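The values are calculated or read from the model by the stated rules, or taken from the named source; none is laboratory data. Note that the coordinates shown come from a computational prediction; the quantities given were computed from them, not determined experimentally. In this analysis, Cβ positions are derived from the backbone assuming ideal geometry, glycine residues included, and neighbour counts consider all displayed protein chains.
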Amino acid sequence: MKTESRTDKAVRNTMVSLACQMLYLLLSFICRTVFTNMLGAEYLGISGLFSNLLTLLSFAELGIGSALVYRMYAPLAEHDYKKVCQYMRLYRDVYRVILLIIVLLGLLLIPFLPLLVQAPDVKENLTALYGLYLCQTAASYVCVYKKSLFIADQRNYIVDIYTQIWNIIMNGIQCILLVLTRSFTLYCTASIACILANNIVCARRTDREYPYLNRGAAVALSKEEIRGLAADVKGLLLTKIASMAFSGTDNLFISAFVGIKYVGILSNYSLILTTVNGVINKVFDAVTASVGNLLVSGPKSQVESVLKKMFFLCVGLYGYICMGMMFLLKEFVTEFWFTNEYALSDTVIYLILIEMFFRSIHYPIYTVRNAMGAFSQYKVIFAAAALLNIILDFVFVKPFGIAGLTAATILCRGITYLADVYVVYCAELKISLWNYLKPGMIWMLFLIVCGFLLSGLLSMIQAAGGMGFVLKVLVITGVYWGMFLAVFGASGEFRYYYQLICGITGRKGSGL
């Protein structure tokens with residue numbers, strides 16, 4: 001039987017992940033459309049606020065998932081199944097404690113709910129709804145540790161397939177329940193049931209695929225291994241806190257200072273951004289384990305080449321997506337999806353797209369850093385950025401509203417972005433930072449010129465409605481990719497992906 005290369009596994013993981021995420025994108029739009037039409041903006045706001053609030057509690061996970069996945073790369077590559085069992089059983093025991101902590105912290109937040117949300121048009125009891133969201137968060141941790149083995153073993157596609165099957169079932173049931181009953185309670189209950197089912201079914205698949213997990217009791221990890229893992233977790237904890245401060249607090253500030261309705265309005269734009277973001281992130285999720293495998297079984301010198309390819313793909317795709325959304329997102333939401341009731345200002349839209357773009361091009365660096373296990377370097381910077389973000393949110397929310405919150409996030413994410421670039425290039429790869437900054441500057445210049453050119457061309461289009469929208473999409477696509485080929489068509493990264501795509505059914509080599 002032919003052994004699969006890292007490229008084989010990365011390509012398969014990527015293709016399956018993209019297909020699953022595209023299907024989920026379609027279903028999410030359908031479900032969100034039904035939800036908004038049946039229940040309205042305040043219910044959207046409640047959903048976004050409670051999800052955000054409980055996401056903050058996931059700091060209790062401490063980043064141990066990423067640390068343990070990293071620790072399993074070497075044992076899996078070396079077929080040391082005893083060591084894999086040791087890490088998995090530690091993972092299981094820790095996650096049971098984490099689940100208990102999250103539930104307890106979630107219950108402690110109940111008395112503070114009236115300070116965070118006022119929703120007079122919501123007929124259900126807010127505490128009961130919050131309880132359902134807490135149950136949903138708890139359900140997401142049940143048996144989830146077993147999925148990590150597929151991820152560490154470069155078989156992410158199995159987790160993606162199960163997740164999307166249950167997402168299809170969940171969205172279908174939720175749409176039916178909303179149309180028939182308009183019950184937000186039943187909508188949440190369906191989500192809890194499907195999340196539980198997904199985790200349990202995936203866990204059983206893990207037991208079948210890796211039967212050695214259930215062969216007797218594993219010997220505990222050594223004290224040295226525990227100390228190494230603890231050091232990784234300490235580094236990841238501050239990184240995780242920073243991430244929570246960036247993405248987990250904005251809805252709290254919007255609800256408290258701007259209004260719960262605006263949490264719902266923003267959530268429609270966020271759904272588009274996060275879903276599209278999720279599609280492309282699946283590409284990098286799919287290759288993370290391959291990079292980790294490369295680091296434990298191949299020369300470290302190859303990592304920079306892999307990182308350059310990842311960065312090239314990431315900036316190229318996100319540049320196109322953000323460019324298109326800059327000109328078309330508001331029109332799509334207010335004219336084709338909903339109405340002007342769900343309009344945001346151009347300033348807010350531009351800022352959330354800029355934040356999405358910089359967060360997204362950070363992802364290859366973040367992926368490589370995690371695959372390297374470089375969790376603890378400059379961790380104090382992440383703590384400082386998290387604290388600064390919360391301070392700036394308080395300062396900016398009243399005078400500038402959503403725009404101020406987004407600007408604060410852009411600034412503080414930029415600090416952590418630069419820290420990660422320095423860790424990977426200078427601390428780990430021992431090469432000049434200029435190797436990263438130079439192509440980044442070229443890309444920024446390319447995007448600025450492309451944006452100005454498109455602004456002039458699109459202003460000349462007079463057609464309205466669907467025909468005008470399609471025409472704008474075609475112009476943006478033609479101009480962007482035409483300029484892309486002219487500027488980057490001769491680059492080594494472009495030739496790599498061109499050859500990979502051309503040989504997708506009968507590859508001749510070249511890989512991660």
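Going by the structure shown, is residue 173 of a type in the set (Val, Ile, Thr), modelled with pLDDT of 90 or more, assigned to a helix (DSSP H, G or I) and surrounded by 17 or more Cβ atoms within 10 Å (Cβ to Cβ)? So residue 173 fits the description; yes. Filtering 115, 53 for residues that are modelled with pLDDT under 85, part of a helix (DSSP H, G or I), over 30 Å from residue 372 (Cα atoms) and touching a Leu at 6+ places or on another chain (Cβ under 9 Å) leaves a single hit, 53. Within the range 231-260, the residues that satisfy the criterion of being modelled with pLDDT of 75 or more and part of a helix (DSSP H, G or I) are 250, 251, 252, 253, 254, 255, 256, 257, 258, 260.
Residue-wise test of (1) touching a strand residue (DSSP E or B) at 6+ places or on another chain (Cβ under 7 Å); (2) of a type in the set (A, V, I, L, M); (3) modelled with pLDDT of 95 or more.
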site	(1), (2), (3)
433	no, yes, no
442	no, yes, no
455	no, no, no
463	no, yes, no
467	no, yes, no
470	no, yes, no
475	no, yes, yes
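Just wondering, is there one or more residues in the range 58-70 that are modelled with pLDDT under 80, surrounded by fewer than 18 Cβ atoms within 10 Å (Cβ to Cβ) and in contact with a Gly (Cβ under 6 Å, 6 or more places away or on another chain)? Looking for residues that are modelled with pLDDT under 80, surrounded by fewer than 18 Cβ atoms within 10 Å (Cβ to Cβ) and in contact with a Gly (Cβ under 6 Å, 6 or more places away or on another chain), one finds none in the range 58-70, hence no.
When 117, 84, 103, 97 are screened for being aliphatic (A, V, I, L, M) and in contact with a Pro (Cβ under 8 Å, 6 or more places away or on another chain), only 84 passes.
Please go through the range 84-115 and give me each residue that is aliphatic (A, V, I, L, M) and surrounded by fewer than 18 Cβ atoms within 10 Å (Cβ to Cβ), ordered by number.
Of the range 84-115, the ones aliphatic (A, V, I, L, M) are 84, 88, 90, 94, 97-105, 107-110, 113, 115.
Of everything in the range 84-115, those that are aliphatic (A, V, I, L, M) and surrounded by fewer than 18 Cβ atoms within 10 Å (Cβ to Cβ) turn out to be 97, 100, 101, 103, 104, 105, 107, 108, 109, 110, 113, 115.
Among the residues making up the range 120-153, those that are among the β-branched types (Val, Ile, Thr), touching a residue at least 24 places away in the same chain (Cβ under 8 Å) and in a helix (DSSP H, G or I) are 137, 144, 151. Answer yes or no: is there a residue in the range 193-216 that is surrounded by fewer than 13 Cβ atoms within 10 Å (Cβ to Cβ) and part of a loop (DSSP other than H, G, I, E, B). Yes, the range 193-216 has at least one match. Looking only at the range 176-192, residues that are part of a helix (DSSP H, G or I) and either in contact (Cβ under 8 Å) with a residue 40 or more places away in the chain or of a type in the set (Gly, Ala, Ser) (or both) come to 10 in all. For the range 171-180, the set of residues classified as of a type in the set (S, T, N, Q) and within 17 Å of residue 46 (Cβ to Cβ) consists of 174 only. If you go through the range 302-332 and pick out every residue that is of a type in the set (A, V, I, L, M) and at pLDDT 90 or above, you end up with 7.
When the criteria are applied in full, residue 407 fails the requirement of being touching a Cys at 6+ places or on another chain (Cβ under 6 Å), over 25 Å from residue 152 (Cβ atoms) and of a type outside the set (Phe, Trp, Tyr). Does residue 344 satisfy the criteria of being under 27 Å from residue 412 (Cα atoms) and outside any helix (DSSP H, G or I)? So residue 344 passes the test.
The residues of the range 388-439 that are surrounded by 15 or more Cβ atoms within 10 Å (Cβ to Cβ) and not in a helix (DSSP H, G or I), listed by number, are 401, 429. For the condition in contact with a helix residue (DSSP H, G or I) (Cβ under 9 Å, 6 or more places away or on another chain) and surrounded by fewer than 18 Cβ atoms within 10 Å (Cβ to Cβ), residue 80 qualifies.
Note on the range 452-469: residues that are over 21 Å from residue 350 (Cα atoms) and in a helix (DSSP H, G or I) amount to 4.
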